[in-house]
Amino acid sequence: MLEIKNLQVKLAEEDKTILNGVTLRVPKGEVHAIMGPNGSGKSTLAYVLAGREGYEVTGGSVTWNGEDVLAMAPDERAAKGVFLAFQYPIEIPGVATMTFLRTALNAVKRKRGEKELTTPEFLRRVREEAASLGISEEILKRPLNVGFSGGEKKRMEILQMAVLGPTLCVLDETDSGLDIDAMRIVSAGVTKLKSKDRAMLVITHYQRLLNYIVPDRVHVMAGGRIQKSGGKELALELEKSGYAEFTKAA
Amino acid sequence: MTVAAPKTKAEQALTRNFEAVAARLPGGRAVADARKAAIGAFAALGLPHRRIEEWKYTDLRVALKEALPPAVGAPAQVTVAEIDAALGALAGLDAHRVVFVDGLHAPQLSSAAGLDEVTIQPLAAALAGPADRTGTGLFGEGAARQEAVVALNTAFMTDGAVVGIDERAKPAKPLLLIFVRAGAEGRLVTTRNVLKLAAGARATIIEAHVSLAGAGPAQANTLTEVTLADGAHLAHAKVTLAGEAASHLGTAMVTLGAEAIYWSFQLTAGTQLTRNTTFVDFRGEDAKLDVSGLFLGRGSEHIDTTLVVDHAVPACESRELFKGVLADRARGVFQGKVIVRPGAQKSDGKQMAQALMLSPDAEFDSKPELEIYADDVVCGHGSTAAELDEDMMFYMRARGIPPEEARELLIEGFIGEALDKIEDEAVREAFAAIAKGRLAQLSG
């Protein structure tokens, strides 16, 4: 279970509070969606969960399976099963995608005390997952994300997620920049990863992604805190009414 | 009016040292005269300093505090095993070797005798013969360059490789020219090579400048003249691992005939002071130049790469890509001059120099200089100096990669683009292994 209690975060370099007491519980086996307008703090929450520098936690706590997430370095979090699918995946020049995947998988396996995959096992696993996401062999040879289209980058995030096998998946605006076909492929990839051992937090601005990745709970975030929570029908309501009510309240 | 600066201690010593050893330097009367003229030219020029534009960032008057005595006479005894240890990953390369120990040819360590279509002669022997058969530019254009470092090379050169590749010959194995610093005493070591490829010849020649464990300080001055006839193709790689107590002044003078291809790669690491100057003159149309390299600096190392590419004729192409990784207080310098002469239409020049700064005290000075006098040309240049990207580091760590491993992967990725320019797989792997080993020594 992911448990976020009264989380307060400000930018490290300025006196600007972004998260104003976020409280949220995502049990294993569930998919939760966070929706909210731009500037509501959604992406900050995602980054803080993954451990990006530049933020200062001024109060509250985050635990995953009872362990203090905020005390861990980003790579330790990954080893504990935390995975962030980036809104803007980073280009890594000179590092072939396959090399990157292999290095990452071996690193988390080592930390988890599991056996590293043999080369054939690794290749088989990557190729299978890549094929189901429509990622070509040629792309796997290229430097990670360099020159990839927006859709290719997002599919690559899901491929990494599938290969690394995390237990807490945070997807930050995975739908942004995707056309309808790419969204279908990406959503199918995510849906395939749903399991009773895995919690998912899907952050999105628009309701449309939730037609494909059906959430168990929907939370509305505005002004740096959760304003309202409900079932999947809440997403449809928001689609009609917009966020105005919440931005005023915040 | 120019006022002559007072001679530095090193400048005075260089002239004095020349007088002391001149009689023991190889060559007949004509060579001796050329040497005298050269030391005279040097005396007038002095060591290059920061007020000379080409030496703005590498002031030899400051850097060379003293002149070491020239290495002449019998060199130290060296074994193949010692050389292999100094060569590192390059030792395993299947190549014909020509070895020079402290500036003198060591035939017992060499393995390039009796090759078909390739002639190799030690420079000392060539200089002792008739002047017109040395094949060096000693008496012609090479001597004409107003360069103090070139003049010093002419004055003091003791030996080197004079290599000729016959018309359309394509030797199967690379030629590995090994220059070893061996003796325990500090020495000035001066070598000159002459590489001539006849029309349509194709070869790979690698220069390795290394230092044995326990070798004394070195001031190396090495010059390689490269002449490619029409349609010749030379891959010329150079690795300089001269040691913490070494300065290395390297000059390459390259002239390219029509449709010739000159490919070059320079790897420099673990050398206190390095200046590699490459002059390239296009003499025939449709020739191609591709020069790239990698420099890795730590401590107070100083690595200067200077290129002067002269598009004197139309339709030639030049490509330059240099990458550096600088730690501690290391300083990298890149000067890329490209001249496109009037009438040299359809010239195509591209230049890129990038440094990765691992320390806030490291410095990278990059100076592109494009002098374009023709109107139908494509010329571009770029330069960057940056630290390891924090976003990339975070992204990799978010995927579970520990920081040291992420850093290593990013640096390898950065230099990989340069190493990928090496076409020959065995050479590329050897250079990559050397670079990787040296990178591990750079502190963050």
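The values are calculated or read from the model by the stated rules, or taken from the named source; none is laboratory data. Just so we're clear, the structure is a prediction, and the values are computed from it rather than from any experiment. Don't worry about glycine lacking a Cβ; one is built from the backbone with ideal geometry, like all the others, and counts go over all protein chains shown.
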Original post:
For region A:148-176, what are the residues that are outside any helix (DSSP H, G or I) and closer than 21 Å to residue A:127 by Cβ?
Top reply: A:148, A:149, A:165, A:166
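Confirm whether residue A:110 is in a helix (DSSP H, G or I), more than 10 Å from every other protein chain (Cβ to nearest Cβ) and surrounded by fewer than 20 Cβ atoms within 10 Å (Cβ to Cβ). First the steps, then the outcome.
Working: in a helix (DSSP H, G or I): yes; more than 10 Å from every other protein chain (Cβ to nearest Cβ): no; surrounded by fewer than 20 Cβ atoms within 10 Å (Cβ to Cβ): yes.
So residue A:110 fails the test.
In this structure, does residue A:144 turn out to be free of Cβ contacts under 8 Å to residues at least 60 places away in the same chain, under 28 Å from residue A:55 (Cα atoms), surrounded by 19 or more Cβ atoms within 10 Å (Cβ to Cβ) and among the hydrophobic types (A, V, I, L, M, F, W, C)? Spell out the reasoning first.
On the way: free of Cβ contacts under 8 Å to residues at least 60 places away in the same chain: yes; under 28 Å from residue A:55 (Cα atoms): yes; surrounded by 19 or more Cβ atoms within 10 Å (Cβ to Cβ): yes; among the hydrophobic types (A, V, I, L, M, F, W, C): yes.
Spelling it out, residue A:144 is indeed free of Cβ contacts under 8 Å to residues at least 60 places away in the same chain, under 28 Å from residue A:55 (Cα atoms), surrounded by 19 or more Cβ atoms within 10 Å (Cβ to Cβ) and among the hydrophobic types (A, V, I, L, M, F, W, C).
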**OP:** Provide a single number: the residues in region B:416-433 that are touching a helix residue (DSSP H, G or I) at 6+ places or on another chain (Cβ under 6 Å) and at the interface with chain A (Cβ under 10 Å from one of its Cβ atoms).
**Re:** 1
Subject >> Count of residues meeting criterion [among the charged types (D, E, K, R) and touching a residue at least 24 places away in the same chain (Cβ under 8 Å)] in region B:3-25 >> reply: 4
**OP:** Search region B:151-169 for residues that are among the aliphatic types (A, V, I, L, M) and pair each with any residue that is part of a loop (DSSP other than H, G, I, E, B) and surrounded by fewer than 24 Cβ atoms within 10 Å (Cβ to Cβ) when their beta-carbon atoms are under 6 Å apart and the residues are at least 6 apart or on different chains.
**Re:** B:162/B:135; B:169/B:117
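Among the residues of region A:222-250, count how many are among the basic types (Lys, Arg) and either part of a loop (DSSP other than H, G, I, E, B) or within 23 Å of residue A:166 (Cβ to Cβ) (or both).
From region A:222-250, those among the basic types (Lys, Arg) are A:225, A:228, A:232, A:240, A:248; that's our starting set.
Imposing the further condition that a residue be either part of a loop (DSSP other than H, G, I, E, B) or within 23 Å of residue A:166 (Cβ to Cβ) (or both) reduces the set to A:232.
Adding up the residues that qualify gives 1.
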**OP:** Test residue B:304 against the criterion of being closer than 15 Å to residue B:353 by Cβ, surrounded by 20 or more Cβ atoms within 10 Å (Cβ to Cβ) and charged (D, E, K, R), and give yes or no.
**Re:** yes
**OP:** Check off (1) surrounded by 22 or more Cβ atoms within 10 Å (Cβ to Cβ); (2) within 22 Å of residue B:437 (Cα to Cα) for residue B:357 and give me the number that stays unchecked.
**Re:** (1)
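Give the residues of region B:226-285 that are of a type in the set (D, E, K, R) and outside any strand (DSSP E or B), sorted by residue number.
As a first pass, look at region B:226-285 and keep what is of a type in the set (D, E, K, R): B:230, B:238, B:244, B:259, B:275, B:281, B:283, B:285.
Of everything in region B:226-285, those that are of a type in the set (D, E, K, R) and outside any strand (DSSP E or B) turn out to be B:230, B:259, B:283, B:285.
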**OP:** Give the number of residues within region A:186-221 that are surrounded by 20 or more Cβ atoms within 10 Å (Cβ to Cβ) and either assigned to a loop (DSSP other than H, G, I, E, B) or modelled with pLDDT under 95 (or both).
**Re:** 9
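Enumerate the strands (runs of 3 or more DSSP E) found wholly within region A:7-69, keeping only those where 1 or more residues are over 17 Å from the mean Cα position of the chain (by Cα), farther than 22 Å from residue A:167 by Cβ and more than 14 Å from chain B (Cβ to nearest Cβ).
A:17-26, A:55-64
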**OP:** Exactly one condition in (1) more than 9 Å from every other protein chain (Cβ to nearest Cβ); (2) surrounded by fewer than 23 Cβ atoms within 10 Å (Cβ to Cβ) is not met by residue A:96; state its number.
**Re:** (1)
**OP:** Go through region B:28-85 and count every residue that is outside any loop (DSSP other than H, G, I, E, B) and polar (S, T, N, Q).
**Re:** 0
Subject >> Residue count for region A:85-101, restricted to those that are in contact with a helix residue (DSSP H, G or I) (Cβ under 6 Å, 6 or more places away or on another chain) and assigned to a helix (DSSP H, G or I) >> reply: 3
Subject >> Enumeration of residues in region B:86-116 that are over 21 Å from the mean Cα position of the chain (by Cα), part of a helix (DSSP H, G or I) and closer than 24 Å to residue B:68 by Cβ >> reply: B:109
